[in-house]
Amino acid sequence: MRYKNKIILILISTLLVSAFLGGCKKEEDKEPLSKTEFMMDTVMTIKLYDKKDEVILDKAFERIREIEDKMSITIEDSDVSKINKNAGKNPVKVDDEVYKILTRAKYFAELTDGAYEPTIGPLVDLWNIRNEGENNKRYIPSKEDIEKALNKVDYKKLELLEDNKVFLKEEGMKLDLGGIAKGYAADEVKRILKENGVNSAIVDLGGNIYAVGSKNGDEYWKIGIQNPQEQRGSYVGIMKVKDSSVVTSGDYERYFKINGKRYHHIIDSKTGYPSDNELSAISIISKSSTDSDALSTALFVLGREKSKEVLKKLDDMEVLYITKSGKIYISSDIKDRFYLKNDNFELKQN
C-alpha cells in the first residue's frame, strides 16, 4: 500500500517532523511507554506518557493491522484489492469502514476537483516512485503511457452503491488509499487510547502525527516542522499543538532525480506528472487526521492560491505552506503558536 512519509518526531522518530518533549527527564516514571512496529509499509511508533499499559499499546497496533488488512493494495484478499481485481467487471461488497473511508475519499475528490484522487493507482504504478533500492531503475514514463494511465484515473467512475457495494466502472482502474488510510488509522488509535484512559500520548504512524491530549496536563506538544531544503531532522520552526493531528506533504519525501530535475511522489491527476508549483511542503493541523491526510495531498497539488477556495468550505483546518523560494505562509489562527527557527526562511501570514 502506498503511504506518504510526511513528518517526523525528532526525539521520537527519525521520520519527517519532530515532537520536542523539552527538558531532560531523568526520572524513570516520566519516560514514556513505547512500542514500534512496521505496518502499512512504514515504521510506526506509539508512546504513552500517562497511562502506561502494554495491553493498550497492543490494542492500538491490532487496530492498525485490521485497517491494513482491509485497505492495503498489496494484500491480495483486502477489500481494496478485491475492488481493483473486479474493475470493469463486478461490484464488490466491502466492510462498513472501507465503505465509510471510500465515501470520505470521494467527498474530498469532489471538493478538490480530483486534486485528491482515490483512483490514482495506475499513475502511481507507472511512475513507481514509492519503490526504492538500487535494482529499481528510474525513468520518466512516455507521454503515451501517461495518457493511457490518465484514462484510467477518474473518481467519477468510482461508484458507491447500496448494500456497501463498490464498483470501478472501467477495467484497469485502480484504487489507492495511501493518501487517506494512514490518517484514518491515526484517528482510530487516538480513539482507542482515549477510550482506555490515555490522555497524553504521541502517535507517529510513519510520519502522520497525532498529539493526543497535552504534554503535561496543560502544556502544548511542540512539533518541529521539517525543513524541505535540508536532510530529515532539520526543522524550520516549532508548532505548538494540543490534541491535534499534524500531517505534512512535500516534494522532498520520496523522489528521484534525472538530469538534475526532481520527480517526487505526489502526482497531479490532471497532468499525470508530479505536481509542479510554488510549494515545497504543506502542513495541515486539525482534529481529524483522516481529513488532514487527504487535504495535505490535495492542497499541495492545488498550490497556495487555489487551495484557499477549498479551505473556505471547511472548518477548523489550520495550514502552513512552505514555498520553494523560502517563504512560510501560515493561517492567522496559529500564528501565535508557530515559532520560526531558521533565518533562511521568511514568515508571512496567509
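If amide H atoms are built 1.01 Å from N in the plane of the peptide, which residues on other chains or at least 5 residues away come under 5 Å of the amide H of Tyr235?
Here the answer is Asn227, since their amide H atoms fall under 5 Å of that of Tyr235.
Bin width 10 Å, origin at 0, all Cα-Cα pairs of the range 162-253: what percent of pairs per bin?
14, 35, 27, 15, 8, 0
Can you grab the distance from the C-alpha centre of the range 310-350 to the C-alpha centre of the range 174-214, Å, no decimals?
Taking the Cα centre of each part, the range 310-350 and the range 174-214 sit 23 Å apart.
Restricting everything to alpha-carbon atoms, can you work out Rg to Rh for the range 141-182 with a Kirkwood hydrodynamic radius?
Radius of gyration over Kirkwood radius for the range 141-182 works out to 1.06.
In what sequence, highest mean first, do 51-60, 156-165 appear when ranked by Cβ atoms within 10 angstrom?
Details: 51-60: 15.7, 156-165: 13.1.
Output ranking for 51-60, 156-165: 51-60, 156-165.
What translational D, rounded to a whole number of µm²/s, comes out for the range 63-222 from Stokes-Einstein when the hydrodynamic radius is the Kirkwood one over Cα pairs, at 10 °C and 1.306 mPa s?
Details: Rh = 17.4 Å.
Estimated diffusion coefficient is 91 µm²/s.
Starting from the exponent 0.38 and prefactor 2.2 Å, build the expected Rg for the range 182-223 from its residue count and divide its actual Cα Rg by it.
For the range 182-223, the normalised Cα radius of gyration comes out at 1.11.
At a probe size of 1.4 Å, how large is the accessible area of Met44, to the nearest 10 Å²?
0 Å²
Val94: accessible area at probe 1.4 Å, nearest 10 Å²?
About 10 Å², ignoring ligands and nucleic acids.
How much FRET efficiency would the formula 1/(1 + (r/R0)^6) give for Lys287 and Ser325, where r is the Cβ-Cβ distance and R0 is 22 Å, rounded to 0.05? Please list the in-between numbers first.
Working: r = 31 Å, r/R0 = 1.42.
Calculated value: 0.10.
Give the residues of the range 40-55 whose amide nitrogen is closer than 20 Å to a point set 7 Å from the Cα of Asp218 in the direction of its Cβ.
From the range 40-55, the list is 50.
Based on the alpha-carbon gyration tensor of the range 199-350 and its eigenvalue square roots a ≥ b ≥ c, which shape applies: rounded if a/c is under 1.5, prolate if not and a/b is larger than b/c, or oblate?
prolate
Kindly sort Tyr339, Tyr99 by accessible area of their heavy atoms, largest first, with the probe set to 1.4 Å.
Largest to smallest exposure gives the sequence Tyr339, Tyr99.
Please work out how much length the chain gains when fully extended from Arg191 to Glu162, using 0.36 nm per residue of separation minus the C-alpha to C-alpha distance, in nm with one decimal.
My answer for the length gained is 7.6 nm.
Per 0.36 nm of contour for each residue apart, how much would the distance between Gln229 and Glu62 grow if the chain were fully extended, relative to their Cα-Cα spacing?
Roughly 56.5 nm would be gained on extension.
Within the range 143-160, list the residues whose amide N lies under 13 Å from a label point set 7 Å along Cα→Cβ of Lys169.
Inside the label zone: 152-160.
Out of residues 5 or more away from Met39 or on other chains, whose amide H comes under 5 Å of its own, with H placed 1.01 Å from N in the peptide plane?
Here Met44 satisfy the definition.
Starting from the Cα-Cα distance between Leu340 and Thr74, subtract it from 0.36 nm times their residue separation and give me the gain in nm to one decimal.
Taking 0.36 nm per residue and subtracting the Cα distance, the gain is 91.8 nm.
Restricting the calculation to Cα positions, tell me the Rg (one decimal) and the Dmax (whole number) of the range 280-350 in Å.
11.7, 34
The values are calculated or read from the model by the stated rules, or taken from the named source; none is laboratory data. Note that the structure is predicted; figures quoted are calculated from it, not measured. Positions of Cβ are backbone-derived with ideal geometry, glycine not excepted, and every protein chain shown enters the neighbour counts. Please note that ligands, DNA and RNA were not included when accessible areas were found on the heavy atoms of the full protein model with its side chains. Shrake-Rupley method; radii C 1.70, N 1.55, O 1.52, S 1.80 Å.
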